[in-house]
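Enquirer: Let me give you the structure first, and then I'll get to my questions.
None of the figures in this text is laboratory data; all of them are computed from the coordinates on show. Here the structure is a predicted model, which is why all the values come from computation and not from measurement. Here the Cβ positions follow ideal geometry from the backbone for every residue, glycine too, while neighbour counts run over all protein chains shown.
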Amino acid sequence: MKTYSPKSAEIVREWHVIDADGLILGRLSTVVASILRGKHRTFFAPHMDTGDNVIIINADKIVITANKVDQKQAYRHTGYPGGIRSTSWKDLMKDNPDKLVYNSIKGMVPKNRLGRAQMEKLFVYAGPQHPHAAQKPVAYDTSAIRRG
């Protein structure tokens, strides 16, 4: 029996909206990374982008467990020697909660051009509004994420 490899014309991308209000950051990130990669499909192929588009709203109401908000740091580099910069998660949650969620999911996809293509299908918004109503996104059932 031969392994089935999907054709790019056969892949139909859906749009999912996930309300992050009250969800745990790590559990949400693993589910979203799986949807972006296409692992929820029957014809998943690790060398192809078979995933769906994901819109995350209410990123400012996400839950971070334990003392991670006070203890963890987010790092970035300016590109210059000695240019490492760090920001606490508390400040990041106050200023850019969408960036915290985005970087959490980004760490769970492949670090190559396929992963970059998959991350282009992720849209994170701090509030309840998003500009993608024309794509007719479907609300994703978050009961499995909440249960833990």
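Enquirer: At a threshold of 8 angstrom on Cα-Cα distance, excluding pairs fewer than six apart, so keeping six or more, what relative contact order does the stretch 1-123 reach in percent?
Expert: Relative contact order comes out at 29 percent.
Enquirer: Strictly over 22 Å apart at the Cα level, which of Lys2/Lys39; Lys61/Lys106; Lys90/Lys111 would you flag in this model?
Expert: From the list (Lys2/Lys39; Lys61/Lys106; Lys90/Lys111), the Cα-Cα distance tops 22 Å for Lys90/Lys111.
Enquirer: If you don't mind, there's one more thing I want to ask. Please give the peptides 76-84, 103-111 ranked by average Cβ packing (other Cβ atoms within 10 Å per residue), highest first, as a rough proxy for protection.
Expert: 103-111, 76-84
Enquirer: Okay, next question. To the nearest 500 deg cm²/dmol, what mean residue ellipticity at 222 nm is calculated for the chain from DSSP H runs of n ≥ 4 alone, each contributing -39,500 (n - 2.57), summed and divided by the residues?
Expert: -8000 deg cm²/dmol
Enquirer: Okay, moving on. Could you tell me how many degrees, from 0 to 90 and to the nearest 10, lie between the Cα long axis of helix 97-106 and the main elongation axis, the longest principal axis, of the Cα atoms of the chain?
Expert: Roughly 50 degrees, rounded to the nearest 10.
Enquirer: What is the angle, in °, between the Cα long axis of helix 25-37 and the longest principal axis of the Cα atoms in the chain? Nearest 10 is fine, range 0 to 90.
Expert: Computed tilt is about 30 degrees.
Enquirer: Oh, and also: Dividing the alpha-carbon radius of gyration of the chain by 2.2 N^0.38 Å (N being the number of residues), what value is obtained?
Expert: For the chain, the normalised Cα radius of gyration comes out at 1.13.
Enquirer: With r as the distance between the Cβ atoms of Ile11 and Ala74 and R0 = 25 Å, compute the FRET efficiency 1/(1 + (r/R0)^6) and round to 0.05.
Expert: So the FRET efficiency works out to roughly 0.15.
Enquirer: Rounded, prolate or oblate: pick one for the stretch 29-84, where a ≥ b ≥ c are the square roots of the eigenvalues of its C-alpha gyration tensor, a/c under 1.5 means rounded, and failing that, prolate if a/b is larger than b/c, else oblate.
Expert: oblate
Enquirer: What is the gain in length, in nm to one decimal, between Glu120 and Ser86 on full extension, counting 0.36 nm per residue of separation less the C-alpha to C-alpha distance?
Expert: Length gained between Glu120 and Ser86: 9.8 nm.
Enquirer: Taking amide H atoms as placed 1.01 Å from N in the peptide plane, list the residues 5 or more away in sequence, or in a different chain, whose amide H sits under 5 Å from that of Ala74.
Expert: Thr87, Ser88, Trp89
Enquirer: What list do you get for Tyr140, Tyr4 if you sort them by fewest beta carbons within 10 Å?
Expert: If I rank by nearby Cβ atoms, fewest first, I get Tyr4, Tyr140.
Enquirer: Still on this structure, I have one more. Give the span of the stretch 98-148's Cα atoms along each principal axis, as three whole-Å numbers ordered largest to smallest.
Expert: That works out to 32, 29, 18 Å along the principal axes.
Enquirer: Starting with the highest mean, order 52-60, 113-121 by the number of other Cβ atoms within 10 Å, averaged over the residues of each peptide.
Expert: Packing proxy ranking, top to bottom: 52-60, 113-121.
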